[in-house]
Amino acid sequence: MNWQILLNPFTKFSEKTLFFFGLITLFTGSYTAFLCGVTFDSMIEVHLNSEMTFLNSLKENSFYLVLITVLLFAFGKIINKRTRIIDIVNTAFLFRISFYFMAMLTAFPILKSVENEIKKNINSLDKLVIKPLDMILLLLITCVILLLLVYAFILLFQGFKTATNAKKPIHFIFLGLLLLFAEIISISILPLI
């Protein structure tokens with residue numbers, strides 16, 4: 001298998017192919033989140049929400065795409081005046097794909113049963129009883145979600161690097177700070193929309 005396709009698809013596919021793939025995943029990912037009953041209540045968070053609608057899910061995902069695109073494009077233009085918006089949009093699209101898979105994992109019944117058990121014993125966690133198999137599955141799902149989060153940031157890093165031709169370590173330090181800033185903005189602004 002050619003790992004370059006998974007780790008840096010920006011160099012293997014045209015911007016049009018990535019854009020249409022990104023659009024398809026935006027709608028299918030939003031629909032998946034709706035079906036699974038999850039919300040993206042910040043740029044990198046996925047939580048259960050049984051009252052989620054498809055339009056709200058699409059609104060959340062679109063907001064994150066626009067936020068990341070605007071911030072990365074502005075920073076990209078500072079680094080390289082020839083940074084193209086389509087490359088940054090594709091980077092944002094691919095960054096979000098891991099979160100759609102996280103939505104499916106978050107909807108596993110085991111997580112709901114653990115959540116109910118915690119809610120039942122919220123004031124006395126010493127009485128909390130989680131079956132060993134449930135704990136193993138919870139640990140496994142958590143590890144997969146963490147790997148998906150790392151993969152999302154790898155795609156964001158590779159996409160940004162390809163789009164801007166960034167090479168200096170300071171560019172990537174600022175990229176990390178920019179992502180932290182985007183997370184703070186997403187937590188602050190999304191509830192107002």
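The values are calculated or read from the model by the stated rules, or taken from the named source; none is laboratory data. Everything numeric here is computed off the predicted structure, so don't read it as measured data. Cβ placement follows ideal geometry from the backbone for every residue including glycine, while neighbour counts extend to all protein chains displayed. For accessibility, only protein heavy atoms count, side chains too; no ligands or nucleic acids. Shrake-Rupley method; radii C 1.70, N 1.55, O 1.52, S 1.80 Å.
Using just the helices of the chain, give the 222 nm mean residue ellipticity in deg cm²/dmol: DSSP H runs with n ≥ 4 each add -39,500 (n - 2.57), and the total is spread over all residues, rounded to 500.
Taken over the chain, the calculation gives -25000 deg cm²/dmol.
Under the combined filter of DSSP loop state and at most 16 neighbouring Cβ atoms within 10 Å, the stretch 1-63 retains these GluC sites (Glu not before Pro): 51. Share of carbon and sulfur in the accessible area of the stretch 1-129 stands at 67%, probe radius 1.4 Å. The string of couplings for the stretch 56-61 from the Karplus curve (6.51, -1.76, 1.60, θ = phi - 60°) is 5, 5, 4, 4, 4, 5 Hz, one whole number per residue in order, with x for Gly and Pro. The distance separating the Cα centre of the stretch 16-33 from that of the stretch 106-172 comes to 22 Å. Each residue of the stretch 39-51 was assigned a 3J(HN,Hα) from its phi angle through the Karplus curve 6.51 cos²θ - 1.76 cosθ + 1.60 (θ = phi - 60°); the sequence is 10, 9, 8, 7, 4, 10, 10, 9, 9, 5, 7, 5, 9 Hz, with glycine and proline shown as x.
In this structure the amide hydrogen of residue 38, modeled in the peptide plane, comes within under 5 Å of the amide hydrogens of 49, none closer than 5 places in sequence on its chain. Converting phi to 3J(HN,Hα) with the Karplus coefficients 6.51, -1.76 and 1.60 and the offset θ = phi - 60°, the stretch 17-25 yields 4, 5, 5, 5, 4, x, 4, 4, 5 Hz in sequence order, with x at every glycine or proline.
Rounded to the nearest 20 debye, the dipole magnitude of the stretch 1-131 is 380 debye, with +1 charges on Lys and Arg beta carbons, -1 on Asp and Glu beta carbons, and the Cα centre as origin.
Among 121, 162, 105, pick out the residue whose Cα is farthest towards the positive end of the charge dipole of the stretch 25-168, where Lys and Arg carry +1 and Asp and Glu carry -1 on C-beta, about the Cα centre. Looking along the dipole axis, the top candidate is 162. Remark: the stretch 76-193 carries 60 Å² of accessible area per residue (probe radius 1.4 Å; ligands, DNA and RNA excluded). Considering only the Cα atoms of the chain, their convex hull presents on average a projected area of 12.9 nm².
Which angle between 0 and 90 degrees, to the nearest 10, do you get for helix 132-164 versus the longest principal axis of the chain when only C-alpha atoms count? For helix 132-164, the angle is close to 10 degrees.
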